[in-house]
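The values are calculated or read from the model by the stated rules, or taken from the named source; none is laboratory data. Computed from a predicted structure; not experimentally measured. When we count neighbours, we look across all protein chains shown, and the Cβ atoms used for this are built from the backbone with ideal geometry, even at glycine. For accessibility, only protein heavy atoms count, side chains too; no ligands or nucleic acids. Shrake-Rupley method; radii C 1.70, N 1.55, O 1.52, S 1.80 Å.
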Amino acid sequence: MIPQTPPTAAQLAAAPWRTSSYSAANNECVEVAPVGVWVGLRDSKQPHGDVVAVGSEAFAAMVDALRNGTL
């Protein structure tokens, strides 16, 4: 369970966003940014668009599932 409230829009805007080097070749980039115990996710082509914030444990589980082919 995540003990903190989700990040605010201002916290997400100030976060250190980064793009995966693997997604740059096909121009379908997802950017991620850590904000406390949360991870922000957004479309790199629309950096001022919608952002999804998920708990860091859920994000790690998603990345593991992508890596091992179960997602």
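Matching residues to (1) surrounded by 11 or more Cβ atoms within 10 Å (Cβ to Cβ); (2) at pLDDT 90 or above; (3) of a type outside the set (Gly, Ala, Ser):
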residue	(1), (2), (3)
Ser23	yes, no, no
Ala33	yes, yes, no
Leu41	yes, yes, yes
Thr70	no, yes, yes
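Restricting attention to the stretch 57-66, the residues being of a type outside the set (A, V, I, L, M) and under 19 Å from Glu31 (Cβ atoms) number 1. Listed by first and then second residue, the pairs with beta-carbon distance under 8 Å, at least 6 apart or on different chains, first residue in the stretch 37-62 and over 15 Å from Pro7 (Cα atoms), second hydrophobic (A, V, I, L, M, F, W, C) and open to solvent by 60 Å² or more (accessible area, probe 1.4 Å), are Asp43/Val30; Ser44/Val30; Met62/Leu71.
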